[in-house]
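The values are calculated or read from the model by the stated rules, or taken from the named source; none is laboratory data. Computed from a prediction, not measured in an experiment: that's the story for all the values here. Cβ sites come from the backbone with ideal geometry, for glycine too, and all protein chains shown count toward neighbours.
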Amino acid sequence: MTDRTQPLLAVEIGGLGASAEAWRWAPHPRAAFSAATLRQRLDWAVAAGADAVLIAEDARLDEPAGPLGALDPVLLASLALASPSAPVVIPEIDLAGREPFHVAKRLATLDHIGQGRTGWQVTAASPQDGNAADALDVIEVVRRLWDSWEDGAEIRDHETHRFLDRTRLHRVDFTGQNFSIAGPLTVSRPPQGQLPLVLVVRSIEQLKFEAQPAVVRIQSSTAADAISIADEVRRISDENGTPTPEIWVDTVVALDEAGTSRDSLLATVSSGIRPAIPVAGPLAKLADLLRDLTALIGANGIVLRPATADVDLRLLGEASTNTAPTPNVREADLSFSSHSTFTELLGLHRQPSRYGS
């Protein structure tokens, strides 16, 4: 899909961290969900050389008594994209029970806010999940709704008092198993046309190429399992004669602080819900560990999930230039990431509306 020589770096910035003990490291757990904290974490991610930041659906407020609440990833993404220095920002969308029309409208609005610096990530349903077919229908109709406005539909002609060229708006008339959508969308076509989809998978059985993902994000607790899934992605793509999606691999990072190891935190990361390959040790060795890991798996990108957001993200942000897994991006002062769309970052081309004449 791309001829980049360096893997992309994505950093997850929502919530308190991957560790169940992360709340102990936060100055005040409730402050973790303030706008100021989100902007601070975004600044740390940018300083670390991030090409993209990810906001998970489970970015919730946890304390010993249990979860106190959760914030909507799309709202957090809109706040992050308000910063002109923000890289690509990708919120996770839980498709279960969501109205496709509203998903399409919110993400199109987000793409307008970020001028193309966004995508969407969806966790693939298991074959046993009764909602698997519905999820594929939602993805399909969302894409049709984005195409329901052709490019140039918004004309803003003051002389004729016409805001739209109605001939460039189209019904989608989609009928799925459990819903139907007429269209068109009530928001103009996103700057990217179609937002690239990041498909989160945790097993080979979850691979859904009908979703046409631009990125397959692998969440696995071991490198061996990640290699198996990555090999299957490449095999299926070759078999189908289609371009291979980018492969990103999740890691959960617990960095040493002031010479003290914090690797015990990795034992408090749940391996069943959102698994990730554990990485622990001094910051100086992080880049080499990640380069070796991406080379072993054949990955195009690495996802860093901090064990504790307030410590590990800060340490990443304070790192020197040569500790970033993508030093070529940092040496360019993020000029590529900060001023490109997610589509361009992946080496893809913007496609015209399927309904265009």
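Restricting to region 25-46, what's the tally of residues that are under 20 Å from residue 279 (Cα atoms) and more than 21 Å from the chain's Cα centre (by Cα)?
1
Filter region 90-123 down to the residues that are touching a residue at least 60 places away in the same chain (Cβ under 8 Å), within 20 Å of residue 144 (Cβ to Cβ) and aliphatic (A, V, I, L, M) and list them by number.
The answer is 104, 107, 108, 122.
What's the number of the only condition in (1) assigned to a helix (DSSP H, G or I); (2) over 30 Å from residue 279 (Cβ atoms); (3) at pLDDT 95 or above that residue 192 fails to meet?
It fails just one condition, (1).
I'd like to verify a number: residues in region 231-265 that are surrounded by 23 or more Cβ atoms within 10 Å (Cβ to Cβ) and small (Gly, Ala, Ser), how many?
Here the count works out to 1.
Looking at 118, 123, which is the one that is within 23 Å of residue 203 (Cβ to Cβ), among the hydroxyl-bearing types (Ser, Thr, Tyr) and either at pLDDT below 90 or touching an Asp or Glu at 6+ places or on another chain (Cβ under 8 Å) (or both)?
The unique qualifying residue is 123.
Restricting to region 281-304, give me the number of residues that are touching a Lys or Arg at 6+ places or on another chain (Cβ under 8 Å) and buried (at least 19 other Cβ atoms within 10 Å of the Cβ).
Residues flagged as touching a Lys or Arg at 6+ places or on another chain (Cβ under 8 Å) and buried (at least 19 other Cβ atoms within 10 Å of the Cβ) within region 281-304 amount to 2.
Which pairs do you get when a residue that is more than 13 Å from residue 42 (Cα to Cα) and surrounded by fewer than 24 Cβ atoms within 10 Å (Cβ to Cβ), found in region 10-25, comes within reach of a residue that is hydrophobic (A, V, I, L, M, F, W, C) and at pLDDT 85 or above, reach meaning Cβ atoms under 8 angstrom, with the pair 6+ apart or on two chains?
If the second residue must be hydrophobic (A, V, I, L, M, F, W, C) and at pLDDT 85 or above, the pairs left are 25/311.
Taking the conditions exactly as written (within 12 Å of residue 11 (Cα to Cα), within 18 Å of the chain's Cα centre (by Cα) and either at pLDDT 90 or above or not in a loop (DSSP other than H, G, I, E, B) (or both)), does residue 316 satisfy them or not?
Considered against the rule, which asks whether it is within 12 Å of residue 11 (Cα to Cα), within 18 Å of the chain's Cα centre (by Cα) and either at pLDDT 90 or above or not in a loop (DSSP other than H, G, I, E, B) (or both), residue 316 comes out as no.
Just to be sure, is residue 214 among the small types (Gly, Ala, Ser) and crowded, with 18+ Cβ neighbours inside 10 Å? Steps first, please.
On the way: among the small types (Gly, Ala, Ser): yes; crowded, with 18+ Cβ neighbours inside 10 Å: yes.
Here the answer is yes, as residue 214 does meet what is asked.
Could you list all residues from region 152-188 that are assigned to a loop (DSSP other than H, G, I, E, B), under 30 Å from residue 132 (Cα atoms) and out of contact with any strand residue (DSSP E or B) (no Cβ under 7 Å at 6 or more places or on another chain)?
Scanning region 152-188 gives 170, 171, 173, 176, 177, 178, 179, 182, 183, 186, 187.
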